[in-house]
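Enquirer: The structure follows.
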Amino acid sequence: MGNVESDYVELRIPLYNGNEEVGIVDIQFGGPFAYTEHEAFFISDMRSILILAALISLFISLFFAVLLAKKLSAPIVAINNFTTNIAKGQYSGLPLEESGIREIDDLRDSVNELSSQLQHQQEIRNRLSSDIAHEIRTPLTTLKGNIEAMIDGVWEASEERLYRCYEEVNRITRLIGEIDRINEIESQESQLQKTTFDLKELSQQIADNFQALLIERNIDCSVSGDSILVSADQDKMHQVITNLLFNAIKFTPSGGQIDLYISQSKEAVSFQITDNGQGIPSDEASQIFERFYMAEPSRNSQLDGQGIGLSIVKSIIHAHHGTISVDSVYGKGTTFTITIPKAE
């Protein structure tokens with residue numbers, strides 16, 4: 001406290017009556033530092049204690065701030081490193097561990113999901129490249145062998161052999177055409193030629209077109225539901241229903257049943273096609289709309305499948321701002337559900 005002053009402070013205040021000084025008020029009181037020695041030491045100790053408490057609080061705050069910063073920064077640094085690896089094309093890194101902080105864990109889950117999706121897309125692209133090479137290499141090899149044999153005189157250039165070469169060329173042309181059609185549908189949504197038509201009537205027409213194949217396979221097909229007008233590209237919707245019905249026939253055994261059902265809600269039209277065929281394994285149902293994906297490649301190859309039809313269907317439905325989903329029980333059957341906006 002330094003020197004302790006104990007003198008009184010004296011204050012003199014003059015009193016006036018008008019302009020005439022009539023007296024003086026003399027006020028005396030203890031000064032601001034008029035403390036006893038014990039009070040002075042108490043105040044000094046309190047000041048020291050408060051300064052010490054402030055310093056301790058500061059160090060404790062810094063300590064916990066550093067711990068919290070590490071707790072927050074460690075998962076963020078890990079996520080940053082993980083996303084850096086993703087940017088370099090390394091999608092198969094170890095999943096990030098939980099941090100116990102909800103917001104960071106949500107970010108971690110999103111990054112993990114992104115990594116998983118990118119890895120899945122990379123696998124699809126790799127398989128796509130392999131499948132395209134295989135699909136094109138097979139007819140090219142056959143075509144090359146036949147032509148070389150005819151050039152070398154091993155085979156006679158007969159009409160039958162030339163027709164086989166022509167069929168192989170057609171196969172390549174169809175494959176490339178299907179790929180181009182997917183890209184065209186995905187990139188030219190605004191060029192849809194929309195008209196208003198009855199979806200049930202179109203479905204019945206397509207089912208009638210398959211009557212010969214249905215009779216040959218001994219499969220019963222029914223079209224039911226409401227007659228509903230939709231605003232859509234009729235040719236592309238024709239292709240959607242044709243692809244779905246052909247797939248249903250292809251994987252439905254003799255004596256099976258296929259049902260086409262059309263219904264509506266306030267703003268949308270729903271189209272369902274259900275069969276009691278072999279169904280789709282649960283782990284493959286989410287992948288059947290990918291290009292060139294075939295759940296059973298061996299069987300599809302026997303049925304002239306290229307794994308493109310459902311990808312085209314999905315592209316057409318998305319171009320119409322609709323949705324498509326599949327519900328399947330392996331060994332019992334499959335239901336495809338399409339929802340599109342209905343006509344205004």
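Enquirer: Please give the peptides 166-172, 336-342 ranked by average Cβ packing (other Cβ atoms within 10 Å per residue), highest first, as a rough proxy for protection.
Expert: Numbers: 166-172: 14.1, 336-342: 19.7.
Put in order of decreasing packing, that is 336-342, 166-172.
Enquirer: Which entries of Lys144/Lys314; Lys314/Lys342; Lys250/Lys332; Lys194/Lys250 show an alpha-carbon separation above 26 angstrom in the structure shown?
Expert: On the way: Lys144/Lys314 35 Å; Lys314/Lys342 18 Å; Lys250/Lys332 15 Å; Lys194/Lys250 30 Å.
Beyond 26 Å between Cα atoms: Lys144/Lys314; Lys194/Lys250.
Enquirer: Points 7 angstrom from Cα along the Cβ direction at Asp105 and Leu213: gap in nanometres?
Expert: 5.1
Enquirer: Using packing as a proxy for protection, rank 259-265, 70-76, 242-248, 154-160 so that the peptide with the highest average count of other Cβ atoms within 10 Å comes first. Write out the running numbers ahead of the final one.
Expert: Numbers: 259-265: 17.6, 70-76: 13.6, 242-248: 20.4, 154-160: 10.3.
Answer by packing, highest mean first, reads 242-248, 259-265, 70-76, 154-160.
Enquirer: Taking other Cβ within 10 Å of each residue's Cβ, how do Ser110, Ser315, Ser254 sort, fewest first?
Expert: Values: Ser110 11, Ser315 22, Ser254 8.
Fewest-to-most Cβ neighbours within 10 Å comes out as Ser254, Ser110, Ser315.
Enquirer: Still on this structure: Sorted by packing (mean other beta-carbon atoms within 10 Å per residue), highest first, where do 100-107, 52-59 land?
Expert: Working: 100-107: 12.5, 52-59: 10.0.
Ranking the peptides 100-107, 52-59 by packing returns 100-107, 52-59.
Quick note: the coordinates plus some simple rules give every number you see, no bench work behind them. All of these numbers come straight from a predicted model, not from anything done at the bench. Cβ coordinates were reconstructed from backbone atoms using ideal geometry, including for glycine residues, and neighbour counts include every protein chain displayed.
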